[in-house]
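Everything on this sheet refers to the single structure shown next.
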Amino acid sequence: MLLEEIIPLTILSAIPDELAQTLTQQGICEVNAVLIGNEINIKALTNRAAPRKEWVLTQLSERSLAIIYPYGAIVFFNATTSATVELITRCQKYASQLFSTPETEQFTVIIQPHEPEGIFQNKVSIKKVSKQHLEIIGDALSKSVILEYHENRIGSLFDKIEPIAKSLKERGKLGYRANELLKHIGSSLLVVQDMVGKIEVTEKPLLLWEHSELEPLHAQLVEDLEIFDRQNSIERKVDLISRTAQISLEVLQQHHSHRLEWYIIILIGIEIALQLYDLFFKHVIT
């Protein structure tokens, strides 16, 4: 495996001409997205003020780049294993809720100045290496690994719906406590908050307002990665989990209410029995 010297973290406002030329001459670039945690503190990582949702583009070596996103994703362009590991290790120091098994996504990008841009034979074709092109590709891949993570989270919650329904059918009981059901509801709401509040999965990159020529490339990437379909699927599952947990909680509360009513009836019955005893039996005995 080729090793390369990693230079200090450098924030780029544009792609260096030498690097762009190198990648263009190379004609192909492997792109890898990795989700390392729930959040990366960009301000602390770069030691500079940064808006909460701002991502940064950094140069890893003479031939490789990476985009670091505040919601925990890193997208590598033409990076070797050593460069990838070094940046991940560096970012982990400023990340929260690190994942033991990071989510990953990969694309092969080919640079063809005289060919149409888009996805052909499972490869992304671009005319030139620019910051705008890398932003479009990085945005799609980073959102894909985010969706993969939430799909797995929702999948584990979704599996818990079957035992609830089965218990109601076979025993007429839930078999769950109120706090467990509330945890299901809370977990579902957190998934929605992460995707809508922090990440805005379905939002287009702002650069498309000024670079409308990249709209077709973005649309093809979103379609190929099934971003909207996967988002809709997650939302439907979240809704079903929330409704199932809420209904189950209402049933549980109703059962508790009925049980309390029986306790009250029994206590009233005991009180009546004691009063009857005082009125009749106790009088007879004396």
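The values are calculated or read from the model by the stated rules, or taken from the named source; none is laboratory data. Quantities reported herein were computed from a predicted structural model and do not represent experimental measurements. Note that each Cβ is placed from the backbone with ideal geometry, even for glycine, and that neighbours are counted across all protein chains shown. Only protein heavy atoms, including side chains, enter the accessible area calculation; ligands, DNA and RNA are left aside. Shrake-Rupley method; radii C 1.70, N 1.55, O 1.52, S 1.80 Å.
Please work out how much accessible surface Asp239 shows to a 1.4 Å probe, ignoring ligands, DNA and RNA, in Å² rounded to 10.
80 Å²
Write out the GluC sites (Glu not before Pro) in the stretch 11-106 meeting two conditions: DSSP loop, and at most 15 other Cβ atoms within 10 Å of their Cβ. Spell out each step's value before the answer.
On the way: sites: Glu18, Glu30, Glu39, Glu54, Glu62, Glu86, Glu103, Glu105; in loops: Glu54, Glu62.
Qualifying residues, ordered by number: Glu54, Glu62.
What is the set of long-range amide H partners of Phe120 at a cut-off below 5 Å, with H atoms built 1.01 Å from backbone N?
Ser125
Given a cut-off of 21 Å, name the pairs among Lys123/Lys143; Lys43/Lys128; Lys143/Lys237; Lys93/Lys131; Lys204/Lys237 whose C-alpha atoms lie farther apart than that in the structure shown.
Values: Lys123/Lys143 18 Å; Lys43/Lys128 30 Å; Lys143/Lys237 19 Å; Lys93/Lys131 26 Å; Lys204/Lys237 24 Å.
With Cα atoms farther than 21 Å apart: Lys43/Lys128; Lys93/Lys131; Lys204/Lys237.
Where does the charge balance sit around Ile119 when Lys and Arg score +1, Asp and Glu -1, over other residues with C-beta under 13 Å from its C-beta?
Net charge around Ile119: -4.
What is the spin-label model distance, in nm, from Gln97 to Asn232 if the labels are put 7 Å beyond Cα along the C-beta direction?
Inter-label distance under the simple model: 2.7 nm.
Within the stretch 199-243, which residues have the backbone N less than 20 Å from the label spot 7 Å out from Ser130 along Cα→beta-carbon, could you tell me?
204-222
Suppose every Lys and Arg Cβ carries +1 and every Asp and Glu Cβ carries -1, with no other charges. What dipole size does the stretch 1-158 come out with about its Cα centre, to the nearest 20 debye?
Roughly 440 debye, rounded to the nearest 20.
Using θ = phi - 60° and the Karplus curve 6.51 cos²θ - 1.76 cosθ + 1.60, what whole-Hz ³J(HN,Hα) does each residue of the stretch 215-220 get, with Gly and Pro shown as x?
4, x, 5, 4, 4, 5
Enumerate the amide H contacts of Glu103 below 5 Å, restricted to partners 5 or more residues apart or on another chain; note that Pro and chain-start residues carry no placed amide H.
Amide H to amide H, under 5 Å and 5 or more residues apart or across chains, Glu103 pairs with Leu35.
With Cβ to Cβ distances under 13 Å as the rule, what net charge do the other residues near Pro216 carry (K, R +1; D, E -1)?
-3
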